[in-house]
Structure formats: structure tokens, C-alpha cells
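First the structure, in the form of C-alpha cells, and then the observations on it.
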């Protein structure tokens, strides 16, 4: 009889040098901003439950319980199974147990992989033999004049996984491994208008189109799920804008321009969905379609504040649920002289004077907000939450949320709820302080890595050797955390402009607001910038972490800072550069899905210089070499195996130990 076992492997903690704190706001202004929090798990629309069955994992990680047996003559002292079923299978083997005259052992074998084996028999007189399985007629020469038995590729209906998401006491013991996630940020209002009937731009004549609602909705996202768009990119996780009902008001931004709540960070009624995105049933249908297509859904959740239009503010403005706006020295607006972004006021400031900030040291306010978050995951069935501006929220809110999810959601869903936070900072120590998969966050968006990667690969500043050194120190820095890696998001200029032959901006931390409303960047011509973006994405897609793709970056969508970096998604009429980048992203996604080494392997540099970096990713028998060249000329890299390797991106056959990497190119070379 086959039984399902759960094998849990935690990440190995490491450490690295701290980066100096970057003196920037906690996140760029989202005209009134603060972003949101995450919602948790579940598999079906509105259910929050998962069907019973084996754990979810990719086929290369599946293991089938297979029983091997040997019937002897009764004079055997021991019988050991040896073979290629494990790395040490030929030398160490597995001892069989004797029962009713039969020696047996049940072991996990790789999914759909042929197993070669034999039995090592030691007799009572101390003699020994190496024998093929007498019940298996399929054999192969063993190279020593004898035979090995060959078991055909084995599959099963109840498998185990060689590694799964870290298990927390009382929580889910298995399920989707978030180290295998590839995330796509769907900025809902600007993605696809699937239902024009819910288009409701605000009528204020002072409101520019770029800051108004433009019609994207959940119906549009569902259409693209069903069309297989995300799957074609290798994406298996969607990050959606905050689903909560938003204010109908306009508000002034720090640039003096009027904005609407199109970005979904001005929550009003925390119990309702935003009507312009669709109904609750529409959201449930989206999640159901995503799960049917093998996609997880992570959503933004704005827990830091509400809009002044919110009934929650109206009911509790005077009872201690919210921090006061007026303090000694003026109004406590984040980043003001009265309340700087960092320090003691970071958890008490308001992002704007129309966005009251919760005081989560108040137990009633905290309990209300945490329960609201749990209610959303219960009725919709989300798989995780993206928690915005987490450093501005009292830690007690986060620990209470994790405890609630672990106790009430995971035992039913059988899925670990992924919580990823945003701390817009270059301070690794600060970012790490919130990472604890069993008590707080599973991980955070890796802003220090994004700044280093964009500077080095896109803008060609510094040396590739410095990038390698930084990444070596960054790997394992966050312990068991599953960090999310990225090159761009909705708070910085579009990545394509950093990658231009002459970058429009030369500081990776810029907000790009100098070109928001005038002299806005246009579609980048040629192919070189798109090739550099592909190289940067290749690095993310061949290393640990959850790569996050901001909508439109797969086609080099142009844009300055917020809101110009949130243009409506382009669905046709691609230039040659855009088409080439899209194809590169699709091939990168396929390569990452095919090789566990690219998702969870150990990295070892084999060659690095000023312009190139080649490294080996290893996960057991899965070994993949990656070569990156940021230069505008071909470069030779060394240190590769002295055998023929086939590039997973182009199909080109290359032979090491030295290969020539074309300009602005990445090579992904699985080792046969």
C-alpha cells in the first residue's frame, strides 16, 4: 500500500554585510499612497478550501513510493537495494527488511524517470553476490560482465515532494512551494477592459486622464487567464491591485495635481469590492479561473489607512482607532518636518491629510483590521497577500495576522499563505527585520537587489564582478525568507528607460516625476535597450527568489514616474524590440519551469569580469550554466564544461570550456 508522506526542507540561513539605509520615503507617493496588504490562500472561488490529494509540486520534484522485493532461499543474512534511485544509491543503498520469507523496501523514486538497480546479497556464510531482480526481465549490461535490472519510468497517483514550503507549527504541512513562484503584477485599472459597462471615470474637469479611472477590470484579467497569456510567460502567480471599494473623491498629490483612487490605495468600505473592477462574483470567478489554470492569486491589501470617506473613519475618528494628524510641530504627514519617514514617527504618520492612519497599538482597531483581512481570504480564496509599506504598521498587526492565518485558514486550505511585504529602502537590516515565515512575512520585495541589478546591467554602472559579490552576500541574507526579486514596479520609471543606450535616468532610486506630465518618454526604438532588459530578467529567472514582472515590462512599455509608469497595457502593434523581448521572457519562463536548479539551486561563479558573469546553478542532478554579457560587443567567458551544451533560449550548440557570448545576451546552458 502506498502512503503519502510530507517532506519539509527549510532554507539555509546565511548572512551578508548590511547596506547603509537609503534615505528615501518608505515608498514613492501614490497620490495619497500607501500600498496594501496581502490576502491568503484557498483554491476555489469563495471556498477557501482545497480538494484532498497529493501535494502540489512540479513533476521534477515528485517522488513515487515504489516497493522492491527479493525472495531468497532462506540463507541470506542481509539484502541491500543498490542503484541510481539516489545520489548515493550505488554505494550506500537501502537495506531490505525480511518478513514472511520476503525481503522488501519501499523507497521514493523520481517521477517518470527510469531506475536502474540490483540487489547486494550477503549470505550466512559471509559470501556475497550482486544479483539482478529475478522477477524483472528488463536488464542492461552493468559494465562488469553482469546485468542490472531496469524499472520503467514510474508515475503514481499519490506522490510526495522532495521539498515544500517551510512548515509552521499548527499550519499547513505541504502545498505549493512558493520558491517555485513567478509573479506578475496586474495593475488592474490599466490592464484590460473586459466589461465596459463598469467604466466610470470621475467627471471632475481638473482630473487628467492619466490620474483617472481608465476601465481595466477583473473581467479583463480573467480573459487573459483563459487565453493562456500569463502561462505563456512562465508566470504561475498573479498579484492584483487592492480589491476593496475605493473613495469617489479626488485628492491633491504632492505635485499639485488631482488624482482619483484608480490605483486602489484609498480604501473606503472595507467590506465591499471596488465596483469599477467588478462584483464580488467577478472576483471569485477570476480566482477560480486562475486556480483552474494552475495560477496562484496574491492581492494587495491596504491596512495602513483608510480614506476620510470611509465609514470606518467616520465611526472611530475620536475613539483611539487612528493616530492624530495634528501633533506638536504641525501635521504628522509622512516625510514632513514634524514626522520624518524614518524613526519613531514612521508608524504614526499619515501618507496624506485625507488618509487617516490606523493606530494598531489599539487592540480593537487591530482586531477589526486583521479580521477584515481574514474575511477577504475566506470568502474569495486568495493564496497570499502583498502588504504595502509594512514598516509604517505596528508589528503586532502583522504577528496577529500570521497567527490567525496559521490557525484558521491553513489547516483547511492545506496551503501556506504567502505574505510578501514592501519596505522601500536599501537597508537590508530593516527589510530583514520583518521576515519570519512562521511569525511575520515570508519575504519582502528585494529593493537593494533591484537597485544593484538595474545600475549594473541596465545602466552599465560599475562592474559585473561587483554585482556577483553583492548577490553572493545577498543570497541567504534573509534566512528562510522567500524574497521577491524585480527590476521595476509601479513606483519607479519604466525599466526600459534605464536600459537605453543613453539612460533617461542614472539613479536607480529616482521617482521619475520630472517627466510625468511634460516631455514624457516615448516608445524606445531599436533593439539594444530591450536586449539589456532581457539580460536583467534572465538573471532574475535563473536565481532563487520569486521573480516579479510588472505588467508591460515584458514588452518594454514606456513611462516616467507615477502615474506615467501606469499607462494602459499595449496588446498589439509591437515593434521589433518589443516582440523580441516578449519572446525572450517566454523562453526564460519555460527554462525556469523546466529546471529546479534555476528556482532553488545553489549558485557558484565560474567566470566573472567587468562585463560578463557566468555561474553554475545546481540542485541535485539538475545543473544549469548561465552566461551573461552586458557589453555591446561579443565577450568570451571561461570555466564551462568541456562538452557540448545547448542554449535553452536559442537552441544553439556551444562547446566549453570557453564560449563567446554575443552582445547584450544571456545564455542558459543545461548540463546533460
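Helix-derived [θ] at 222 nm for the chain: sum -39500 (n - 2.57) over DSSP H runs of at least 4, divide by residue count, nearest 500?
-5500 deg cm²/dmol
Mean separation of Cα pairs under 8 Å and 6+ residues apart, divided by the residue count of the chain: what relative contact order is that in percent?
16
Sort 512-525, 122-135, 542-555 by packing, meaning the average of other beta carbons within 10 Å per residue, with the highest value first.
542-555, 512-525, 122-135
Compute the angle between helix 363-380 and the longest alpha-carbon principal axis of the chain, please, reported from 0 to 90 degrees and rounded to the nearest 10.
Result, in degrees: 60.
How are the Cα pair distances of the chain distributed, in percent, across 10 Å bins from 0?
So the P(r) values, bin by bin, are 3, 15, 24, 24, 17, 9, 5, 2, 1, 0.
Hey, what did the stretch 282-366 get for relative contact order, percent, Cα under 8 Å, at least 6 apart?
So the answer I get is 28 percent.
Rounded, prolate or oblate: which fits the stretch 314-446, taking a ≥ b ≥ c as square roots of the Cα gyration tensor eigenvalues, rounded meaning a/c under 1.5, else prolate when a/b beats b/c?
oblate
If you average the alpha carbon positions of the stretch 196-221 and of the stretch 386-400, how far apart do those two centres end up, in angstrom?
What the calculation gives is 30 Å, centre to centre.
May I ask what percent, to the nearest 5, of DSSP beta bridges between residues of the chain are antiparallel?
In the chain, approximately 70 percent of DSSP beta bridges are antiparallel ones.
Sort the following peptides by mean Cβ neighbour count (other Cβ atoms within 10 Å, averaged over residues), highest first: 303-314, 64-75.
So the order, starting with the most tightly packed, is 303-314, 64-75.
What angle, in degrees between 0 and 90 and rounded to the nearest 10, separates the Cα long axis of helix 576-594 from the longest principal axis of the Cα atoms of the chain?
Here the helix axis deviates by roughly 50 degrees.
Could you work out how far apart the two model spin labels at residue 87 and residue 361 are, taking each label as a point 7 Å from the Cα in the direction of the beta carbon, and quote it in nm?
5.0
For a test of the definition: using alpha carbon positions, the gyration tensor, and the 1.5 limit on a/c, classify the stretch 568-642 as rounded, prolate or oblate.
Taking the square roots of the gyration eigenvalues as a ≥ b ≥ c, the stretch 568-642 is oblate.
Determine the percent antiparallel among the DSSP beta bridges restricted to the stretch 128-261, to the nearest 5.
Beta bridges within the stretch 128-261, antiparallel portion: roughly 55 percent.
Please work out, to two decimal places, the log10 of the ratio I(q)/I(0) at q = 0.26 Å⁻¹ from a Debye calculation in which every Cα of the stretch 66-151 carries one identical scatterer.
The Cα Debye sum returns log10 ratios of -1.49.
Order of 381-393, 580-592 by packing, highest average Cβ count within 10 Å first?
Sorting 381-393, 580-592 by mean packing, highest first, produces 381-393, 580-592.
Please list log₁₀ I(q)/I(0) at q = 0.09, 0.12, 0.15, 0.17 Å⁻¹ for the stretch 169-320, using the Debye equation with identical point scatterers on the alpha-carbon positions.
For the requested q values the scattering log ratios are -0.34, -0.58, -0.85, -1.01.
Could you work out how far helix 280-292 tilts from the main Cα principal axis of the chain, as a 0 to 90 degree angle to the nearest 10?
Compared with the principal axis, the helix lies near 20 degrees.
Cα centroids of the stretch 229-245 and the stretch 128-145: how far apart, whole angstrom?
Here the answer is 51 Å between Cα centres.
Is any residue of the stretch 256-273 close enough, with backbone N under 19 Å, to a label point placed 7 angstrom from the Cα of residue 514 along the Cα-Cβ axis, and if so, which?
Correct set: 256.
Express the relative contact order of the stretch 124-261 as a whole percentage, based on alpha carbon pairs under 8 Å and six or more residues apart in sequence.
So the answer I get is 19 percent.
Each value in this text was obtained by applying a stated rule to the coordinates, not by laboratory testing. Bear in mind the structure is a predicted one, so any value in this text is a computation, not a measurement. Note that we place each Cβ from the backbone using ideal geometry, even for glycine, and neighbour counts take in every protein chain shown.
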